[in-house]
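Inspection log for the structure reproduced underneath, given as structure tokens.
Just so you know, all these numbers are worked out from the coordinates, no wet-lab data involved. Note that the structure is a prediction, hence the values are computed from the model and not measured. In this analysis, Cβ positions are derived from the backbone assuming ideal geometry, glycine residues included, and neighbour counts consider all displayed protein chains.
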Amino acid sequence: MPYKWIVPVTITNGTSLSSVVDFLGGATRIGVIMPAAWTAASLSFQVASSSGGTFDELTNEAGTAVNPSAAVAAGAAFSLDTSGPLLSPFRWFKVRSGTSGSPVSQGADRIINFVFQR
């Protein structure tokens, strides 16, 4: 039977970037459940090799930001089939509302639930 875990990520009111989150790494499948209220924005990520390390933008080998879906929407669930494998090797994350060039501050505390399977 596959091992599953959920990691809630909070982006606080008036900000666009979460605090450090431990995704544990090594997931074979990743999903995301968006909160019922969400100030419209895509998601992007910063990663580091340790919880206190330097966080860098997560990009693919072409230098394009790993962005799971421009279509993430309030109150919906998404399977990250394309971007999930790009997130999987990393453990320490910061999750952003918007992108590094266009962050979107949330209008209230928002909790995004990431669902992992190994």
ask   = Points 7 angstrom from Cα along the Cβ direction at SER102 and VAL20: gap in nanometres?
value = 3.1
Dimensionless Rg/Rh of segment 38-118 - Kirkwood Rh, Rg from C-alpha atoms = 0.94
ask   = For segment 1-62, which semi-axes, largest first and in whole Å, follow from the square roots of 5 times the eigenvalues of its Cα gyration tensor?
value = 20, 18, 13
remark   = Note, segment 72-77: 3J(HN,Hα) by Karplus (6.51, -1.76, 1.60, θ = phi - 60°), whole Hz, Gly/Pro = x, goes 4, 9, 4, x, 10, 10
note = Expected max-MSF residue from GLY84, GLY31, GLY101 in the GNM of the chain (alpha carbon, under 10 Å) is GLY101
key: Interatomic Cα distance distribution for segment 72-118, bins of 10 angstrom, percent   = 17, 54, 27, 1
